[in-house]
Structures are given as structure tokens and as C-alpha cells.
Amino acid sequence: MKAKVVNDLMQDPLVYIEFDDISDRILFDCGYMFGLTLREIQKISSVFISHTHFDHFMGFDHLLRMCIEQDKTVEFYGPKDFINQIVGKLSGYSWNLCDDLNLNFKCFEISPPIVKSTLLKAKNAFKIENIEEKEFEPCIKKGNGYSVYTTVMDHKIPSLAFSIKEDDFLKVNSSLFENLNIKPGPWLGNLIKKVENNEKLSEDIDFGNGILYSEEFLAENLLYLEKGKKISYVVDTAFTDKTFSDGIELIKDSDELYCECAFLSKDLEKAQNTYHLTAQQAGKFANHGNVKKLFPIHLSKRYNGIYRDIFDEVIKEFPNVLNAYKKKK
Ligand SMILES: [Zn+2]
Ligand SMILES: [Zn+2]
């Protein structure tokens with residue numbers, strides 16, 4: 001799994017997630033999104049919107065335009081009032097000649113203690129047909145090989161922070177094949193399946209020429225569990241006791257944290273008044289959350305030309321700070 005920061009440090013914060021072996025593509029926030037190619041946009045399977053301020057949501061129309069002729073369902077997750085806001089956007093257009101369209105939006109409104117969901121079909125002019133409700137759980141999406149978690153932060157309106165965690169997976173120590181004098185084959189797939197399904201390993205595998213190993217021996221020696229990667233995304237929130245503890249609970253042990261560093265501490269009052277984080281506060285999240293790498297994003301444009309000051313401030317709290325924009329190039 002890898003993350004791509006689509007815009008530069010002072011622009012709308014979009015993070016695009018892709019996987020090696022999974023076709024799903026995930027987007028955190030969809031503000032100005034012209035940095036994504038048509039192909040990248042058309043592969044998006046779900047979009048997680050922190051909140052619906054203009055700079056986090058205006059790209060919805062662009063995505064709609066790029067995907068309108070696709071035959072698929074895109075999932076959208078957002079905070080309180082989200083379903084009405086998506087329907088509001090869609091109802092700004094006329095949808096009278098849409099019988100041949102097969103694009104659907106499955107919308108989830110995350111408002112603990114409940115989650116509302118509805119399926120909006122282009123064919124039906126994106127009208128609400130019915131709304132389902134279920135109890136909120138921090139894991140809001142269980143994908144094929146990964147899960148997405150959320151918690152509600154405070155931006156004077158609810159703002160969602162997200163973490164995506166790949167499932168742990170079995171890997172094969174193939175350097176041992178030679179030592180054991182065996183070759184990979186269908187037996188290996190069967191063995192992995194058995195271990196994954198917690199099945200009993202009671203058989204022996206005959207490799208010919210008198211070479212025979214028990215499944216248990218092979219599993220113990222050849223297979224090991226690789227921890228799935230965790231990437232977290234935190235933007236547009238005030239720093240309070242509650243956002244700090246809830247945020248830490250969400251992001252803990254992330255491999256990568258993409259976090260707003262809107263203001264310098266010297267502008268703390270501005271940060272507090274606008275319910276944003278300072279660079280120092282972002283560093284505290286990274287430090288207490290025991291993350292491996294912090295990528296500052298969504299810096300206030302007032303620091304244009306002196307953004308290094310933001311990095312210097314973060315580094316005092318948390319040393320492993322990287323420039324996502326440079327990483328992209
Ligand atoms: Zn905002
Ligand atoms: Zn913002």
C-alpha cells in the first residue's frame with residue numbers, strides 16, 4: 001500500500017492510496033483534484049471526506065464528470081449531514097436523460113452513535129430511495145485486504161480523521177527452498193490456505209526422491225506473518241484533550257501520518273480560532289501516536305516561502321518529518 005499526496009504543501013489536502021495486489025483505490029478528501037489523472041480517478045473505489053469545507057469537497061463534481069459513464073458503485077464516507085450535502089450537489093444538475101447511466105454512489109454518513117447510508121443511482125437521477133441506519137463502529141469499511149477506521153474530531157463542525165490498515169499477511173521465506181531441497185508448487189498455496197483458515201496441519205507432503213516433510217514443519221519454517229501497513233490522515237481539527245486522545249487512539253503505530261500543520265505556534269490564537277492544528281501540535285500527535293513518519297500537509301498559505309519554519313517546529317516534537325511533495329516527485 002502506498003500513499004500519494006496529490007497537491008503541494010499549501011494546497012487542498014488529498015491523499016490517494018493504491019495497493020500492489022488489490023484493485024481498490026482510495027481517496028482521502030476531494031478538494032482541488034486536477035493533479036490526478038483520468039485513469040487514477042476512474043479507478044477510485046471509495047472516497048473518505050473529513051468534512052465538507054470547500055477545499056475538501058469541491059472536487060466531487062470533477063470526480064462525477066470523470067466517472068459518469070462508468071458502470072460501478074463508488075462509496076463516499078463523510079460526517080454529519082453528508083447525505084444531504086451530496087444530494088444537494090447532485091440536485092444542482094438536470095438528470096433527465098440518464099436511463100443508460102450505471103454509476104451509483106453509496107453514501108455513508110458517519111455520525112456516532114449511528115451511521116446512515118443510502119444508494120444514489122444515476123439512472124434514478126441520484127434521488128434518495130431509502131436510508132438505512134446502523135450502529136457506529138470505528139471500523140467503517142472492511143475491504144478486501146484492508147480496513148478503514150475513523151474518529152470524529154472537532155473543527156467547530158465534526159471533522160473525520162481516518163486510518164487505513166492493511167491486513168497482516170503470510171509471507172514465504174523462499175530462501176529456504178534450496179536448503180530443504182524442495183521446489184514451490186501447488187502444495188504451497190494449499191499450505192498457505194490451510195494456515196490462513198486455521199485448519200489442522202496433519203498431512204505429510206511427498207516431494208519425491210525420498211524427501212518428505214510434514215505440513216506442520218513446512219508451515220513453521222517457511223511461513224511468517226508480515227504486518228500490514230497503516231496510514232493515517234488527520235486534517236482540520238482543533239487540538240483539545242478529546243481530539244488528542246481520540247486521535248492518538250486512531251493513529252497509534254501508523255507507518256505514515258499525513259497531518260495538517262496549518263499554523264506556527266506563534267500564530268496559536270489564529271489556529272485556535274479557526275479550529276486548526278499548529279505544527280507543534282501535529283508533532284505531538286506523531287510523537288504520542290508512536291508513528292514512524294510524519295508528512296505535514298495543508299499548511300496555511302501565509303507561510304508561502306517560509307514553510308521550512310513549519311518543518312523546523314515539527315522536528316522539535318518529532319524528528320522523522322518528511323516533505324510529501326518532494327516524495328511525490
Ligand atoms: Zn476545514
Ligand atoms: Zn481545510
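The values are calculated or read from the model by the stated rules, or taken from the named source; none is laboratory data. This is a predicted model, so every value here is computed, not measured. Every residue, glycine among them, receives a Cβ derived from its backbone with ideal geometry; neighbour counts consider all protein chains shown.
Among the residues of the stretch 230-250 satisfying the criterion of being out of contact with any Phe, Trp or Tyr (no Cβ under 9 Å at 6 or more places or on another chain) and within 24 Å of Y146 (Cβ to Cβ), which is surrounded by the most Cβ atoms within 10 Å (Cβ to Cβ)?
The residue in question is K230.
Basic (K, R), in contact with a Ser or Thr (Cβ under 9 Å, 6 or more places away or on another chain) and closer than 30 Å to I306 by Cα: does that describe K270? Please lay out each step first, then the result.
Numbers: basic (K, R): yes; in contact with a Ser or Thr (Cβ under 9 Å, 6 or more places away or on another chain): yes; closer than 30 Å to I306 by Cα: yes.
Against the criterion (basic (K, R), in contact with a Ser or Thr (Cβ under 9 Å, 6 or more places away or on another chain) and closer than 30 Å to I306 by Cα), K270 qualifies.
Can you tell me which residue is nearest to the chain's Cα centre (by Cα) among those in the stretch 235-252 that are without any contact (Cβ under 8 Å) to a residue 60 or more places away in the chain and assigned to a helix (DSSP H, G or I)?
For the stretch 235-252, the residue satisfying everything is I248.
Specify which of the listed residues (T37, T52) is of a type outside the set (D, E, K, R) and away from ligand 2 (no atom under 16 Å from the Cβ).
T37
I'd like to check something: does the stretch 177-191 contain any residue that is assigned to a strand (DSSP E or B), more than 30 Å from L9 (Cβ to Cβ) and more than 20 Å from the chain's Cα centre (by Cα)?
No, the stretch 177-191 contains no residue that is assigned to a strand (DSSP E or B), more than 30 Å from L9 (Cβ to Cβ) and more than 20 Å from the chain's Cα centre (by Cα).
Run E18 past the list (1) within 16 Å of ligand 1 (Cβ to nearest atom); (2) of a type in the set (D, E); (3) under 20 Å from G143 (Cβ atoms) and report the number of the one that doesn't hold.
(1)
Any residue that is part of a loop (DSSP other than H, G, I, E, B), away from ligand 1 (no atom under 16 Å from the Cβ) and touching a residue at least 60 places away in the same chain (Cβ under 8 Å) - is there at least one of those in the stretch 215-228? Quick ask: steps written out before the conclusion?
Residues of the stretch 215-228 part of a loop (DSSP other than H, G, I, E, B): 227-228.
Filter once more, so that each one left must be away from ligand 1 (no atom under 16 Å from the Cβ): 227-228.
Now restrict to residues that are touching a residue at least 60 places away in the same chain (Cβ under 8 Å): 228.
The answer is yes; a qualifying residue exists.
Scan the stretch 280-292 for residues that are of a type in the set (A, V, I, L, M, F, W, C) and either surrounded by fewer than 19 Cβ atoms within 10 Å (Cβ to Cβ) or over 14 Å from Y258 (Cβ atoms) (or both) and jot them down. Outline the logic, then answer.
Restricting attention to the stretch 280-292, the residues satisfying the condition of being of a type in the set (A, V, I, L, M, F, W, C) are 282, 285-286, 291.
None - no residue of the stretch 280-292 is of a type in the set (A, V, I, L, M, F, W, C) and either surrounded by fewer than 19 Cβ atoms within 10 Å (Cβ to Cβ) or over 14 Å from Y258 (Cβ atoms) (or both), so the list stays empty.
Name the single residue, out of those in the stretch 141-151 being surrounded by fewer than 20 Cβ atoms within 10 Å (Cβ to Cβ) and part of a strand (DSSP E or B), that is farthest from ligand 2 (Cβ to nearest atom).
Residues of the stretch 141-151 that are surrounded by fewer than 20 Cβ atoms within 10 Å (Cβ to Cβ), as a first pass: 141-145, 147, 149.
Right, trim to part of a strand (DSSP E or B) and you get 141-142, 147, 149.
Details: K141: 23, K142: 28, S147: 25, Y149: 21 Å.
Among those that are surrounded by fewer than 20 Cβ atoms within 10 Å (Cβ to Cβ) and part of a strand (DSSP E or B), it is K142.
Condition first: hydrophobic (A, V, I, L, M, F, W, C), within 14 Å of ligand 1 (Cβ to nearest atom) and in a loop (DSSP other than H, G, I, E, B). Now tell me which residues in the stretch 262-299 satisfy that. Give the derivation first.
Residues of the stretch 262-299 that are hydrophobic (A, V, I, L, M, F, W, C), as a first pass: 262-264, 268, 271, 277, 279, 282, 285-286, 291, 294-295, 297, 299.
Restricting the remaining residues to those that are within 14 Å of ligand 1 (Cβ to nearest atom) gives 262-263, 271, 277, 297, 299.
If the condition is that a residue be hydrophobic (A, V, I, L, M, F, W, C), within 14 Å of ligand 1 (Cβ to nearest atom) and in a loop (DSSP other than H, G, I, E, B), then A262, L277, L299 are the ones that fit.
Is one or more of the residues making up the stretch 278-288 in the same structural domain as T237 (by TED's automatic domain parsing) and within 15 Å of ligand 2 (Cβ to nearest atom)? First the steps, then the outcome.
Just the residues of the stretch 278-288 that are in the same structural domain as T237 (by TED's automatic domain parsing), to begin with: 278-288.
Then drop every residue that is not within 15 Å of ligand 2 (Cβ to nearest atom), which leaves 278, 282.
Yes, there is a match, as at least one residue in the stretch 278-288 is in the same structural domain as T237 (by TED's automatic domain parsing) and within 15 Å of ligand 2 (Cβ to nearest atom).
Name the one entry in K156, K80, K134 that is at pLDDT 95 or above and either within 21 Å of the chain's Cα centre (by Cα) or not assigned by TED's automatic domain parsing to the domain that holds I26 (or both). Full working, then the answer.
Working: K156 fails: either within 21 Å of the chain's Cα centre (by Cα) or not assigned by TED's automatic domain parsing to the domain that holds I26 (or both); K134 fails: either within 21 Å of the chain's Cα centre (by Cα) or not assigned by TED's automatic domain parsing to the domain that holds I26 (or both).
After ruling out the rest, the residue left standing is K80.
Being more than 16 Å from ligand 2 (Cβ to nearest atom) and not hydroxyl-bearing (S, T, Y): is that true of C67 here?
Yes.
Checking the conditions here, which among E18, E75 is crowded, with 18+ Cβ neighbours inside 10 Å, at pLDDT 95 or above and among the acidic types (D, E)?
Every option except E75 fails the conditions.
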